[in-house]
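The values are calculated or read from the model by the stated rules, or taken from the named source; none is laboratory data. Keep in mind it's a predicted model, so treat the numbers as computed, not measured. Neighbour counts run over all protein chains shown; Cβ positions are idealised from the backbone, glycine included. For the accessible areas, the whole protein counts, side chains as well, though only heavy atoms, and no ligand, DNA or RNA atoms are used. Shrake-Rupley method; radii C 1.70, N 1.55, O 1.52, S 1.80 Å.
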Amino acid sequence: MQDAVSLRAALVKAVAEVVGSHADELTALDQAIGDGDHGINMKRGFEAVAADAAALCAKPWPDFLKSVGTTLVMKVGGASGPLYGTLFMAMGKEMPENPTAADLPRAFRAAILAVQARGKAERGHKTMLDVLIPVAEALESGIYETDKIAAAAHAAAEATKPIKAVRGRASFLGDRSIGHMDPGARSSALLIEAVSGILENE
Ligand code: ADP
Ligand code: MG
């Protein structure tokens, strides 16, 4: 158990590191079915969050999450910037200053609904939602073991391969989007694994 400021700092470090170390892979996935910028977009956004970590992490959970979201909207760009930004901002709206374990699934679900409203996408459209929604379901069913959550996220990202994209740039490819993992699904799985790794001891 660490104090909230240190916990937020550890989370920021972990997500920035995982995005940075997988930027080339995310770009390669986006080259196959998009425009090849997802890794660069995400790296730029999470580097900006990390650069501002001291100020961000000093804020209480709701403001911290909202500010991370705002930074992502401003810095990531593309389709994923506003969507990841919405995810974090909506989480911030739902989280109390002193969250308990029960607040996480509730806030996460509310944040996913906000992403769905913004992007007009459903599960099965081959997007980040194909990872976020099953993870929300796992949390709602009381699964809190972090290795199981991470495994569920990676399995869900893998399961986007055979899907034909309905939303995002990949949908322009029609059937040619089949057989490739969705870049946003992969980045979501990486983020969830990184967050899980930090929350493991809390
Ligand atoms: P862009 O497609 O504008 O180049 P990125 O490459 O950064 O943006 O992000 C692409 C990812 O964004 C996709 O792989 C997908 O997961 C996600 N995405 C795109 N459109 C939507 C949407 N409407 N709803 C949810 N996620 C989406
Ligand atoms: Mg792209």
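A few comments on the model shown:
- Legend: Rg and Dmax of the stretch 127-202, from Cα coordinates, 13.2, 44 Å.
- Across the stretch 168-184, rounded Karplus estimates of 3J(HN,Hα) from the backbone phi angles (6.51 cos²θ - 1.76 cosθ + 1.60, θ = phi - 60°) give x, 4, 4, 5, 5, 7, x, 4, 6, 7, 5, x, 10, 6, 5, x, x Hz, Gly and Pro being marked x.
- Note, ³J(HN,Hα) from phi for the stretch 194-201, Karplus 6.51, -1.76, 1.60, rounded to Hz, x at Gly and Pro: 5, 5, 4, x, 7, 6, 3, 9
- Diffusion of the chain by Stokes-Einstein, at 20 °C in a medium of 1.002 mPa s and with Rh set to the Kirkwood radius over alpha-carbon pairs, works out to 129 µm²/s.
- For a straight C-alpha distance cut-off of 17 angstrom, the aspartates and glutamates reachable from residue 148 (same-chain residues fewer than eight places away being disregarded) are 130, 137, 140, 158, 193, 200, 202.
- On a per residue basis, the stretch 1-98 carries 45 Å² of accessible surface, using protein heavy atoms and a 1.4 Å probe.
- Modelled spin labels at residue 118 and residue 158, positioned 7 Å past Cα toward Cβ, are 2.9 nm from each other.
- Phi to ³J(HN,Hα) by Karplus 6.51 cos²θ - 1.76 cosθ + 1.60 over the stretch 49-60, Hz, x for Gly, Pro: 4, 5, 5, 9, 4, 4, 5, 5, 6, 6, 7, x
- Expressed as a whole percent, the accessible surface of the chain that belongs to carbon and sulfur atoms is 58, based on a 1.4 Å probe.
- Point-charge dipole on Cβ atoms (K/R +1, D/E -1) for the stretch 20-120, about Cα centre, debye to 20: 380
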